[in-house]
Amino acid sequence: MTFRQLAYHNVFRNRRNYAAFFLASVFSVMVFFVCSMFIFHPLFEKDALQLLAIRGMMIAEVVLYIFTLFFLFYSMSAFLQARSKEFGVLMHLGMTKKQLNKLIFFEMLIIGTVSTVTGTVFGFAFSKFFFMVGREIMELDTLPLYVSWEPFLLTIVAFASLFIIISFVSVGFIRTKRVIDLLRGFWRVEEETKSSTMLAIMGIVFLTVAYIFAVNVSDETVYYIIFIVPPLATFGTYLFFTHTLSFLLSLCKRKKKVYWKKTRLVSLAEASVKLKDSAQMFFIVTIVSTIAFLTVGTLASFMSYTGDFRESNPLGLIYISFDGNEQEAEHIERLTSQLTSEQLSYDLVELTVKRQTSEASGNDVDILSLSEFNRLATALDFEPAQLVQGEGMFVPFSLDSAKELENVSVDTSLIENDVSLSIRSTYPHVVFPIHTLNINTIVVSDADYEAINQPLLGYKVGSSDFTYYAFDILNWTETMNIGNRLTDRMYEAVEKTDFNGIDYFFENPGADYRWFKSSFALLLFIGVMVAAVFLLAAGSFIYFKLYTGLERDRKQYKLLTRMGMTDKELGKIVNRQLIPQFFLPWIIALLHSAFAFISLQVVWDEFAELSILGEMAIVLGGFTIAQILYFFLIRWRYVAHLQAP
């Protein structure tokens, strides 16, 4: 039998043990290949959304590659440690270290080749499905499947190099071992973890301080906290698993009423022995799970912004003409003709906005007439406002401002025209986007509006007034091709910060909404795929750790069974062994994520004024359900291995 045949039979014989590692590797390759198919798609060469897709997929591939390298490094070290007796027997029979290294190298190449080929095949087989999802997310007319050598070459080269690196590195785990050490096995030393009381307390303190900072974050401190909380939480997590848990277990063992009780004695004793080797694994799983939670949760919160964007931008198109705009009639005619040619029904309401100075605040305010405002409200299916002469009504610029202005009452006068107003109400809907009118916008009766004939202080007659064209469009997301020249001119002026010669303002909220929604949905789609790899790998870390001590556990439980332990009692011990390994890192990761989302809420409050509580609950709840299902699957396989003859 040649070395290649021996390596093949070793891999084939241990196929059940390699199952979790193989599936995680295949899934990583498949996601990497799908991202490559998006990157090299010939359609993705046109606009900003396609550019975002390519950049997002590239970042996902880099993250996947680095994480997969780390994942393979850790998992292969666990497998090789678990097979130490097998390697010891081979070396005792005369195999040299060089030959053993060669054998391990061939095994890694076989697993890597099969994983890469299988993942690539499955990736291409499911590419059509992912393209269908991507087409719906980005709202493209078509996103056809294509065949190109580039995605295949990139995937094969990337993972071939990755597995070769792991193959060379893996032999280092056996090179320095003596034969007697290999024959004794991985669990040759059974001693409890020695913990430092000081470090144990520091672990709790660091986590507590990090959580306090996260809860008390504000708009002023959020940019400093993001550089303080993650290091504190990371270091605190490491100390918690390496020292605090051991310290807490030692306290439990001192209380005989708690410790000396049936199967609890065995469970706590085993936890004390295994904690030393599992602490780093707990830390890794916690950090990986936290990253996955935050990635998906943050991207899911972006989707809330799209809903808030629609409520804050009810208009389909906005065109504002300032004093001296000679292109006003031409632009409006072009916009209406484009809407007609695209067969988009619309209502156009023209409003003349007068700017005045409020005596109460000393700030500029925009004044709208009641009749023009009600025409727009009717077009938007909002209730009309009711005012009499001398009354005014606030027009909120955001959803939060509407709540803040509900109980505000102001008596003021418009300085330039000496028009007195009593403002006791606020319109219940957002009608105008915040940046298109002054944050202080008031609707007045037609009689008061007509009385305003003097311009804002410092302006000529009529020069402080402007015309606001509000387009209400039923299918407002279908306006992608409307007013593109005006949009490009606006972008150009913003980039160059040069608005000379521009006496108008144009915005296409429908197109912006479609771009935002598609972009965030695409990023969420990418994030979910990457997070799925992370979580699958995190569960595999736990599986690998169980596998490394499986032989020892099987012997121990057989001994306990001979001593009279029932299957029910054995099940209790198994649960007390597995539940902490699965759910303790998970709970810590959930805590980290929950406090991180609290800080994220502060950021969103500053920029978009929306709540992400629903998204946080969905993400964390969904991942928890997935972890519970994965726990029962691994428990079933673990018990089956323990009870195997």
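The values are calculated or read from the model by the stated rules, or taken from the named source; none is laboratory data. Quantities reported herein were computed from a predicted structural model and do not represent experimental measurements. All Cβ positions, even for glycine, are placed from backbone atoms using ideal geometry, and neighbour counts span all protein chains on display.
So for the range 339-346 (the condition being in a loop (DSSP other than H, G, I, E, B) and among the small types (Gly, Ala, Ser)), does at least one residue qualify?
Here is the first cut: in the range 339-346, the residues in a loop (DSSP other than H, G, I, E, B) are 342-345.
Then drop every residue that is not among the small types (Gly, Ala, Ser), which leaves 345.
Yes, there is a match, as at least one residue in the range 339-346 is in a loop (DSSP other than H, G, I, E, B) and among the small types (Gly, Ala, Ser).
With respect to Arg562, is the statement that it is farther than 26 Å from Thr286 by Cβ and at pLDDT 70 or above true?
On the way: farther than 26 Å from Thr286 by Cβ: yes; at pLDDT 70 or above: yes.
Against the criterion (farther than 26 Å from Thr286 by Cβ and at pLDDT 70 or above), Arg562 qualifies.
Only one of (1) at pLDDT below 85; (2) buried (at least 18 other Cβ atoms within 10 Å of the Cβ) is not met by Ile434, so which one is it?
Here Ile434 meets the rest and fails (2).
Hey, any hits in the range 527-549 for a residue that's touching a Gly at 6+ places or on another chain (Cβ under 8 Å) and farther than 30 Å from Val574 by Cβ? Lay out the reasoning, then the answer.
Going through the range 527-549, the residues touching a Gly at 6+ places or on another chain (Cβ under 8 Å) turn out to be none.
Within the range 527-549, not a single residue is touching a Gly at 6+ places or on another chain (Cβ under 8 Å) and farther than 30 Å from Val574 by Cβ.
Here is a check on your reading of the model: is Phe516 crowded, with 19+ Cβ neighbours inside 10 Å, at negative phi and not assigned by TED's automatic domain parsing to the domain that holds Phe309? Step through it out loud before you land on a result.
Working: crowded, with 19+ Cβ neighbours inside 10 Å: no; at negative phi: yes; not assigned by TED's automatic domain parsing to the domain that holds Phe309: yes.
Against the criterion (crowded, with 19+ Cβ neighbours inside 10 Å, at negative phi and not assigned by TED's automatic domain parsing to the domain that holds Phe309), Phe516 does not qualify.
Under 7 Å between Cβ atoms, at least 6 apart or on separate chains: pull out the pairs that start in the range 215-231 with a residue that is on the phi < 0 side of the Ramachandran plot and modelled with pLDDT under 75 and end on any residue that is outside any loop (DSSP other than H, G, I, E, B) and of a type in the set (S, T, N, Q).
Val222/Ser599
Regarding Ser464, is this residue surrounded by 18 or more Cβ atoms within 10 Å (Cβ to Cβ), hydroxyl-bearing (Ser, Thr, Tyr) and in contact with a Phe, Trp or Tyr (Cβ under 6 Å, 6 or more places away or on another chain)? Before the answer, list the steps.
Numbers: surrounded by 18 or more Cβ atoms within 10 Å (Cβ to Cβ): yes; hydroxyl-bearing (Ser, Thr, Tyr): yes; in contact with a Phe, Trp or Tyr (Cβ under 6 Å, 6 or more places away or on another chain): no.
Against the criterion (surrounded by 18 or more Cβ atoms within 10 Å (Cβ to Cβ), hydroxyl-bearing (Ser, Thr, Tyr) and in contact with a Phe, Trp or Tyr (Cβ under 6 Å, 6 or more places away or on another chain)), Ser464 does not qualify.
Name the residue, out of Val528, Val494, that is closer than 30 Å to Ile287 by Cα and outside any loop (DSSP other than H, G, I, E, B).
Details: Val494 fails: closer than 30 Å to Ile287 by Cα.
The conditions single out Val528.
Can you tell me which residue within the range 362-383, out of those that are of a type in the set (S, T, N, Q) and part of a helix (DSSP H, G or I), is surrounded by the most Cβ atoms within 10 Å (Cβ to Cβ)?
First pass over the range 362-383, keeping only residues of a type in the set (S, T, N, Q): 363, 369, 371, 374, 378.
This time we only want the ones that are part of a helix (DSSP H, G or I), so: 371, 374, 378.
On the way: Ser371: 12, Asn374: 19, Thr378: 14.
Filtering first and then ranking leaves Asn374.
Would you call Phe282 at pLDDT 80 or above, in the same structural domain as Pro580 (by TED's automatic domain parsing), under 30 Å from Gly622 (Cβ atoms) and surrounded by 16 or more Cβ atoms within 10 Å (Cβ to Cβ)?
Numbers: at pLDDT 80 or above: yes; in the same structural domain as Pro580 (by TED's automatic domain parsing): yes; under 30 Å from Gly622 (Cβ atoms): yes; surrounded by 16 or more Cβ atoms within 10 Å (Cβ to Cβ): yes.
For Phe282, the condition - at pLDDT 80 or above, in the same structural domain as Pro580 (by TED's automatic domain parsing), under 30 Å from Gly622 (Cβ atoms) and surrounded by 16 or more Cβ atoms within 10 Å (Cβ to Cβ) - is met.
Go through the range 12-21 and give me each residue that's surrounded by fewer than 18 Cβ atoms within 10 Å (Cβ to Cβ) and either small (Gly, Ala, Ser) or at pLDDT 70 or above (or both).
Phe12, Arg13, Ala19, listed by residue number.
If the requirement is being among the acidic types (Asp, Glu) and touching a Ser or Thr at 6+ places or on another chain (Cβ under 9 Å), which of these qualifies: Asp472, Asp411, Asp418?
Exactly one residue qualifies, and that residue is Asp411.
Quick check on the range 389-414: of everything there that is out of contact with any strand residue (DSSP E or B) (no Cβ under 8 Å at 6 or more places or on another chain) and in a loop (DSSP other than H, G, I, E, B), which residue is modelled with the highest pLDDT? Write out each step before concluding.
Our first condition is that a residue be out of contact with any strand residue (DSSP E or B) (no Cβ under 8 Å at 6 or more places or on another chain); within the range 389-414, this holds for 389, 398-401, 403-404, 407.
So of that shortlist, the ones also in a loop (DSSP other than H, G, I, E, B) come out as 389, 398, 407.
On the way: Gln389: 89, Ser398: 77, Asn407: 79.
Ranking the qualifying residues of the range 389-414, first place goes to Gln389.
Considering the range 481-498 alone, what residues qualify as being farther than 24 Å from Asp381 by Cβ and among the hydrophobic types (A, V, I, L, M, F, W, C)?
Matches in the range 481-498: Leu486, Met490, Ala493, Val494.
If Gln386 satisfies every condition in (1) in a loop (DSSP other than H, G, I, E, B); (2) touching a residue at least 24 places away in the same chain (Cβ under 8 Å); (3) over 24 Å from Ser312 (Cβ atoms) but one, which is the exception?
(2)
Out of the range 431-463, which residues are farther than 28 Å from Asn313 by Cβ, of a type in the set (Asp, Glu) and either touching a strand residue (DSSP E or B) at 6+ places or on another chain (Cβ under 7 Å) or not assigned by TED's automatic domain parsing to the domain that holds Lys354 (or both)?
Asp448
With respect to the numbered conditions (1) modelled with pLDDT of 80 or more; (2) touching a Phe, Trp or Tyr at 6+ places or on another chain (Cβ under 6 Å); (3) closer than 25 Å to Met480 by Cβ, which one is the sole condition not fulfilled by Gly123?
So the condition that Gly123 fails would be (3).
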